[in-house]
1. Give the stretch 27-61 a look and list any residue that's farther than 21 Å from THR13 by Cα and of a type outside the set (A, V, I, L, M, F, W, C), or say none.
2. Out of all the residues in the stretch 43-62, which are part of a strand (DSSP E or B) and more than 22 Å from GLU102 (Cβ to Cβ)?
3. Pairs please, first residue from the stretch 20-47 and closer than 17 Å to GLU2 by Cβ and free of Cβ contacts under 8 Å to residues at least 40 places away in the same chain, second anywhere and among the polar types (S, T, N, Q) and surrounded by fewer than 12 Cβ atoms within 10 Å (Cβ to Cβ), Cβ atoms under 8 Å, 6+ apart in sequence or on different chains.
4. Applying the selection to the stretch 74-88, what residues are free of Cβ contacts under 8 Å to residues at least 24 places away in the same chain and surrounded by 16 or more Cβ atoms within 10 Å (Cβ to Cβ)?
5. Does TRP40 fit the bill of being assigned to a strand (DSSP E or B) and in contact with a Gly (Cβ under 7 Å, 6 or more places away or on another chain)?
6. Report yes if ALA26 is hydrophobic (A, V, I, L, M, F, W, C), in a loop (DSSP other than H, G, I, E, B) and either under 30 Å from ASP118 (Cβ atoms) or modelled with pLDDT of 95 or more (or both), otherwise no.
7. Given the condition assigned to a strand (DSSP E or B), surrounded by 16 or more Cβ atoms within 10 Å (Cβ to Cβ) and not β-branched (Val, Ile, Thr), answer yes or no: does some residue in the stretch 3-11 qualify?
8. Give the number of residues within the stretch 48-77 that are aliphatic (A, V, I, L, M) and under 22 Å from ASP7 (Cβ atoms).
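The values are calculated or read from the model by the stated rules, or taken from the named source; none is laboratory data. As the structure is a computational prediction, the values presented were derived from the model and not from experiment. As a convention, Cβ positions derive from the backbone with ideal geometry for all residues, glycine included, and neighbour counts pool all protein chains shown.
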Amino acid sequence: MEINAVDAQQRPTGLWEEYFSDGKIAGRGRYEGGEKQGAWTYFLRNGDVKATGDYAAGELHGSWVWYRATGGLMQEGAFDHGVQTGRWRRYHATGEMLDDGEYVDGTKAGEWHTFASDGSLRSTKSH
């Protein structure tokens, strides 16, 4: 299977890899009709995973997870055709939760909890 192919209209198609300027792989996934589609994985320059998630018609769609350069979890959440939706969580570099709450149509909604790096509740805010 050919990587980084283009269709008759010169749009990316099939398995695709993106690269950093030094030639190391930066991302891998598929294109359909010139748009990112399905599962994609992005990498740090050292080859570790930076983020994973899905696309639908070129937009972030479904669950996404981002990682720190140290390998720890940075944040996780979901998109509905490019718009943040549902529960989102971010984490301190120590691995403890930083904040936690819901998005509705791309806007914070309901109660959001913020935590100190030791895991203790710092604040609660209603949106």
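1. Answer for the stretch 27-61, where residues must be farther than 21 Å from THR13 by Cα and of a type outside the set (A, V, I, L, M, F, W, C): ARG45, ASN46, GLY47, ASP48, LYS50.
2. Within the stretch 43-62, PHE43, VAL49, LYS50, TYR55 qualify.
3. Qualifying pairs under 8 Å: GLY34/GLN9.
4. Passing the criteria: MET74, GLN75, GLU76, ALA78, ASP80, GLN84, THR85, TRP88.
5. Criteria met by TRP40.
6. Criteria not met by ALA26.
7. Checking the stretch 3-11: not a single residue is assigned to a strand (DSSP E or B), surrounded by 16 or more Cβ atoms within 10 Å (Cβ to Cβ) and not β-branched (Val, Ile, Thr).
8. Selection size over the stretch 48-77: 2.
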